[in-house]
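The values are calculated or read from the model by the stated rules, or taken from the named source; none is laboratory data. Treat the numbers as computed from the prediction; the structure is a model and nothing was measured. Reconstructed Cβ throughout: ideal geometry from the backbone, glycine too, with neighbour counts over all protein chains shown.
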Amino acid sequence: MDGLLWIAIAGGVLALIWRTNVEARTVANDAAHRACGESHLQLLDGTVAFRRAKLARGAEGRLTLLRTYVFDYSDDGAARRQGFVILRGRDVEIVGLGPTLVYERAS
């Protein structure tokens, strides 16, 4: 019986991690779509791709997860450029298009 309990707990933790990652990707995808739309750019491939995650301290000193997503966009339909979205927890921290930051969260 103890083995089944641990399997159930592990399954629940994995499901929670999976759901949190799906929600974060949705937030990053929405931010990329919004940044491209506001800058009159075409978001190529229609989605973001996960690049990396790391732990960092927030303004309050608490540990939080920084996730970086990348995406490709074009201003003319031919040239492919790469942008990025950084999330702090579930909040958009920075959206960058090439050398330009489109959005940076006020500290």
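Structure summary
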item: Flag if residue 34 is surrounded by 12 or more Cβ atoms within 10 Å (Cβ to Cβ), of a type in the set (D, E, K, R), in contact with a strand residue (DSSP E or B) (Cβ under 9 Å, 6 or more places away or on another chain) and modelled with pLDDT of 90 or more; result: yes
item: Candidates 63, 43, 5, 14 - the one that is surrounded by 15 or more Cβ atoms within 10 Å (Cβ to Cβ) and free of Cβ contacts under 8 Å to residues at least 60 places away in the same chain; result: 43
item: Count of the range 54-82 residues which are touching a Gly at 6+ places or on another chain (Cβ under 6 Å) and either of a type outside the set (Val, Ile, Thr) or under 26 Å from residue 43 (Cα atoms) (or both); result: 3
